[in-house]
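Structure first, then comments.
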Amino acid sequence: MIKLLKILKGSGIYPALTIGVARVYKKLTLRELADKANKESLDINSFEKAIEKTKKEIEELYKSLLDKGNKQLAEIMDFQLLLLEDDEFVGKMRENISKGQKIGNAVLEVVENTKAMFESMDNPYMRERASDIVDLGYRILKNAIGLEELKFTNDSIVVSEELTPSEVVGIAGRIRGIVTSRGNALSHFAIIARELGIPTIVGVKDLLSNVKNGDIIALNGLSGQLIINPTEEERKRFEEIKKQWDETIKEILEKAKLEAKLKSGEKISVVANLGRIEEAETAKYYGAEGVGLFRTEFFFLGRDTPPSEDEQFNGFKFVVNQLSPGSIFIRTLDIGSDKQIPYIPLPQEPNPALGKRAIRLYDEELKEIIMHQIKAIIRAAKYGNVGIMLPMVADASEIIKSRELIERAKKELRDEGKEFGEPKIGIMIEIPSAALMADKLASLVDFMSIGSNDLTQYTLAADRAGIFTLDFFDHLHPAVLRLIKHTVEALEGTNVELSVCGESASDIYAVPILIGLGIRKLSSAPLIIPVIKHIIRQLDIQDLEKLAEEALNKKSPREVRELVREFYIKSKITLPIL
């Protein structure tokens, strides 16, 4: 009987491979830890001892990070040390305990109040500190109760719901990897794991119900794949791939900030897709030369009132400052009835993907909100090379109306006496009509970006978020590739800059074909940027043009992927997943 491999999928954080023994760490929440502390016979002396022990631990971590040259991570420890001396933090806990409040409740109350205060701040750096505050409270309570530090053998891969930043720092160098069921690429513990070079996968669905303590697991931090109890044959193959990749990844990361040039010397720009302000730091770390798609929906989701113009401006300015002098293309609000926001009443539609959404809402439902956003983008343009990118454009009339809106925004800013810059104006090519009319739309814009996710959806008439998914739903479908080729040819002889964003620009199988079709700017997920650059440096333009032509003549995306796989093997491109 053939044993089927059990493979789980999450988000890779650090592009390294490892294999080891699963050590399941079931951690308490801060509230559970507080409840546990409340049941103990703890007094003010217990609290003071916990503070002193916490301070000593953090000082040791701080010194260790400085000695290793990790100044950015050391700043986190320094921030926690400052809190331990703060009268509004530890001082408030001490005061409440002296008045008779239990230690668990005293710590929990102050931590939650301080966390809420930091989360409400406009400054992205300060908002990110909220997780460090919770981390500190967790450490204080652990020391008050007397819980042991995490102990793992050097063959361990830590499996947990989530870790705190200081837990990651504390176990670094003593484990092989981390896998969590919660968190994403923006989680502070994940950022720290990346900075420390720990192979990590986050956001793995059903992780704790599938992985048991002692299981052998193989972790691919590039693809986000987790193989549970691989066969002996699979383990040997994984080890071979890992050995090759270990020799390559260090060099790849060292060259992350260098330009990516084909063998012919032609430069391919590699920029980042961002979903939040804080991702700008990640993108910079991985060598992004700018931002090809800044999704702004996060400003509006999970709140009861719309963000102010100033809040958005501060966020945009932060990203511009992080990634200048590269261009920063900011996509205006892209929502529909599938992304319900309480303060923007939108009618339910039988097919939201084809209904009144994105740019189609700017005349009425989003009239005031979009004006504030456009003014914020224009103000940020004073500080760098900024572009306003309009989503879901299907017709020239939508661009003309939007340009009029942008001019009104400039007039309002002049009347208000606010400084602003002159942003470029561009559109997303994600509807087939825009791709087919690209030559006619070119005179109205400075740049275009092919959004491969929606272009695939609309070309194949398959809902990308639907329950039913076609086997051939893939951005490497020859029909999608033909629309991309048409767009490239339509813009020849114009000054319009063309790029590709979305998943295809992050797909190692799509990259050589996109370049072969004429794309010279790719907007990728930050993590994959060094690998994309690594691939580009090994490619020859003549080979790519031939590869792209062959891909256009294939009948299915499966055939296209196999074509690229064979091309990589024949060209001896070094990658860990082929």
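The values are calculated or read from the model by the stated rules, or taken from the named source; none is laboratory data. Keep in mind the model is a prediction, meaning the values are calculated, not measured. Note that each Cβ is placed from the backbone with ideal geometry, even for glycine, and that neighbours are counted across all protein chains shown. These area figures cover heavy atoms from the full protein model, side chains too; ligands, DNA and RNA do not enter into them. Shrake-Rupley method; radii C 1.70, N 1.55, O 1.52, S 1.80 Å.
When restricted to residues that are without any contact (Cβ under 8 Å) to a residue 60 or more places away in the chain and open to solvent by less than 10 Å² (accessible area, probe 1.4 Å), region 501-518 contains 6. Against the definition (in contact with a helix residue (DSSP H, G or I) (Cβ under 7 Å, 6 or more places away or on another chain), assigned to a strand (DSSP E or B), closer than 25 Å to Thr574 by Cβ and in contact (Cβ under 8 Å) with a residue 60 or more places away in the chain), how does Ala288 come out, yes or no? In short, no.
This table checks each residue for (1) among the aliphatic types (A, V, I, L, M); (2) touching an Asp or Glu at 6+ places or on another chain (Cβ under 7 Å); (3) assigned to a helix (DSSP H, G or I).
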| residue | (1), (2), (3) |
| --- | --- |
| Val270 | yes, yes, no |
| Lys284 | no, no, yes |
| Phe298 | no, no, yes |
| Asp310 | no, no, yes |
| Val319 | yes, no, yes |
| Pro325 | no, no, no |
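So for region 422-431 (the condition being surrounded by 20 or more Cβ atoms within 10 Å (Cβ to Cβ) and over 30 Å from Asn351 (Cα atoms)), does at least one residue qualify? There is at least one residue in region 422-431 that is surrounded by 20 or more Cβ atoms within 10 Å (Cβ to Cβ) and over 30 Å from Asn351 (Cα atoms). When you look at Arg276, is it under 19 Å from Gly384 (Cβ atoms) and in contact with a helix residue (DSSP H, G or I) (Cβ under 7 Å, 6 or more places away or on another chain), yes or no? So Arg276 passes the test. Might you let me know whether region 255-266 holds any residue that is in contact with a Leu (Cβ under 6 Å, 6 or more places away or on another chain) and open to solvent by 10 Å² or more (accessible area, probe 1.4 Å)? Within region 255-266 (the criterion being in contact with a Leu (Cβ under 6 Å, 6 or more places away or on another chain) and open to solvent by 10 Å² or more (accessible area, probe 1.4 Å)), the answer is no, since none of the residues qualifies.
Taking the stated definitions as given, is Ile241 in contact (Cβ under 8 Å) with a residue 12 or more places away in the chain and crowded, with 16+ Cβ neighbours inside 10 Å? So Ile241 fits the description; yes. Selection of first residues in region 96-115 that are among the charged types (D, E, K, R) and of second residues that are assigned to a helix (DSSP H, G or I) and open to solvent by less than 10 Å² (accessible area, probe 1.4 Å), restricted to Cβ pairs under 7 Å at least 6 apart or on distinct chains, gives the following pairs, ordered by first then second residue: Lys115/Ala130; Lys115/Ile133.
The set of residues from region 84-124 being acidic (Asp, Glu), under 30 Å from Phe299 (Cβ atoms) and in a helix (DSSP H, G or I) comprises Glu109, Glu112, Glu119. Scanning region 169-184 for residues that are over 12 Å from the mean Cα position of the chain (by Cα) and open to solvent by 20 Å² or more (accessible area, probe 1.4 Å) returns Gly170, Ala172, Gly173, Arg174, Ile175, Arg176, Ser181, Arg182. Among the residues of region 199-209, write down those that are open to solvent by 10 Å² or more (accessible area, probe 1.4 Å) and in contact with a Phe, Trp or Tyr (Cβ under 7 Å, 6 or more places away or on another chain). Of everything in region 199-209, just one residue is open to solvent by 10 Å² or more (accessible area, probe 1.4 Å) and in contact with a Phe, Trp or Tyr (Cβ under 7 Å, 6 or more places away or on another chain), namely Pro199. Sort out which residues of region 210-224 are open to solvent by less than 40 Å² (accessible area, probe 1.4 Å) and of a type in the set (A, V, I, L, M), and write them in order of number. Those that are open to solvent by less than 40 Å² (accessible area, probe 1.4 Å) and of a type in the set (A, V, I, L, M): Val211, Ile217, Ala218, Leu219, Leu222.
With respect to (1) without any contact (Cβ under 8 Å) to a residue 60 or more places away in the chain; (2) closer than 18 Å to Val386 by Cβ; (3) outside any helix (DSSP H, G or I), the lone exception for Met371 is condition (3). Give the number of residues within region 296-311 that are among the charged types (D, E, K, R), open to solvent by less than 70 Å² (accessible area, probe 1.4 Å) and under 14 Å from Ile377 (Cβ atoms). Total meeting the criteria: 2. Considering region 566-576, and only residues there that are surrounded by 13 or more Cβ atoms within 10 Å (Cβ to Cβ) and under 30 Å from the mean Cα position of the chain (by Cα), the residue that is nearest to Gly12 (Cα to Cα) turns out to be Pro576.
Taking the listed residues Ser187, Ser166, Ser160, the one that is closer than 18 Å to Ile217 by Cβ and within 22 Å of the chain's Cα centre (by Cα) is Ser160, with no other qualifying.
Mind checking which helices (runs of 4 or more DSSP H) fall wholly inside region 471-578 and carry at least 2 residues that are acidic (Asp, Glu)?
On the way: elements: 478-490, 511-517, 529-536, 541-552, 557-571.
In region 471-578, 541-552, 557-571 are the helices (runs of 4 or more DSSP H) which contain 2 or more residues that are acidic (Asp, Glu).
Here Asp454, Asp471, Asp439, Asp446 are screened, and the one residue that is out of contact with any helix residue (DSSP H, G or I) (no Cβ under 6 Å at 6 or more places or on another chain) and modelled with pLDDT of 95 or more is Asp446. Among the criteria (1) at pLDDT below 90; (2) in contact with a Phe, Trp or Tyr (Cβ under 9 Å, 6 or more places away or on another chain); (3) in a helix (DSSP H, G or I), the one Ala144 does not fulfil is (1).
You will find that of Ala409, Ala435, Ala442, Ala353, the residue that is within 24 Å of the chain's Cα centre (by Cα), assigned to a helix (DSSP H, G or I) and either aromatic (Phe, Trp, Tyr) or surrounded by 17 or more Cβ atoms within 10 Å (Cβ to Cβ) (or both) is Ala353 and no other.
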